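Since every read-out is calculated from the coordinates, none of them should be taken as a lab result. Bear in mind that the values here come from a model prediction, so they are computed numbers and not experimental data. Here the Cβ is made from the backbone with ideal geometry for all residues, glycine too, and neighbour counts use every protein chain on show.
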Amino acid sequence: MTEGGPSSERVVVRRAIAASRERVFHSWTDPGQLRRWWGPGGFTCPDAVVDLRPGGTYRLAMKPPGDGPIMSVTGTYREVDPPELLVYTWRWDSGPAASDHESLVTVEFTELGDGTTEVTVTHDRFPFDHDSSPYRSGWEDGLEKLGALVERGDVNA
């Protein structure tokens, strides 16, 4: 491993959500739904753009609570297999973490039965010597917000 290359570190986060795969997948890929839940903790998502197809791009803005700067992440979809799988690159294009480095996100939507879906997020290929702990807490918070939105049936199809 050379300095500046991708790290072997990997973040894996899972959450069971009491909703169908179709509903959860829709909430993960529809810009209107993403604006309602995307981001950790008290962050909001003032803008979401999604071109949901292999080779298509996305851009998600995140605003921290208070007066912090808006940060945005962008990437390209590598795999889109509704309602089971998304694979896409991840690059901060604005905010304190902005760089040219792309990491990789894989999101699996697994039907558990009884209308429950397990969402598994795997985020890897971080820059060498990069602290991935904020990503773990960010994904955990985001999945909590997604679950709350979808489980209360507050999803526009």
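How would the stretch 100-157 be classified by its alpha-carbon gyration tensor: rounded, prolate or oblate, with rounded meaning a/c under 1.5 and the a/b versus b/c comparison settling the rest?
prolate
Once you have all Cα-Cα distances for the stretch 5-157, histogram them in 10 Å bins from zero and send the whole-percent values.
In order of increasing distance, the bins hold 12, 42, 38, 8, 0 percent.
According to the square roots a ≥ b ≥ c of the eigenvalues of the Cα gyration tensor, what is the shape class of the stretch 61-113, taking rounded for a/c under 1.5, prolate for a/b larger than b/c otherwise, and oblate for the remainder?
The shape class here is oblate.
Hey, quick one: spin label on Ser99, modelled 7 Å out along Cα-Cβ, who in the stretch 107-125 has an amide N within reach, i.e. under 16 Å?
123-125
Figure the gain on full extension for Glu111 and Val49 (residue separation times 0.36 nm, minus the Cα-Cα span) and round it to one decimal in nm.
19.6 nm
Give the angle, between 0 and 90 degrees and rounded to the nearest 10, that separates the Cα long axis of helix 133-151 from the longest principal axis of the Cα atoms of the chain.
20 degrees
Tally Lys/Arg at +1 and Asp/Glu at -1 over every other residue whose Cβ is under 14 Å from the Cβ of Arg125; what's the total? Provide the component values of the computation, followed by the final result.
Working: positive: Arg10, Arg78, Arg91; negative: Glu9, Asp100, Glu102, Asp124, Asp129.
Net charge in that neighbourhood comes out at -2.
Starting from the amide H of Asp47, placed 1.01 Å from N in the peptide plane, find each other amide H under 5 Å away whose residue is 5 or more places distant or on another chain.
Residues meeting the criterion, in which the H sits 1.01 Å from N, are Ala61.
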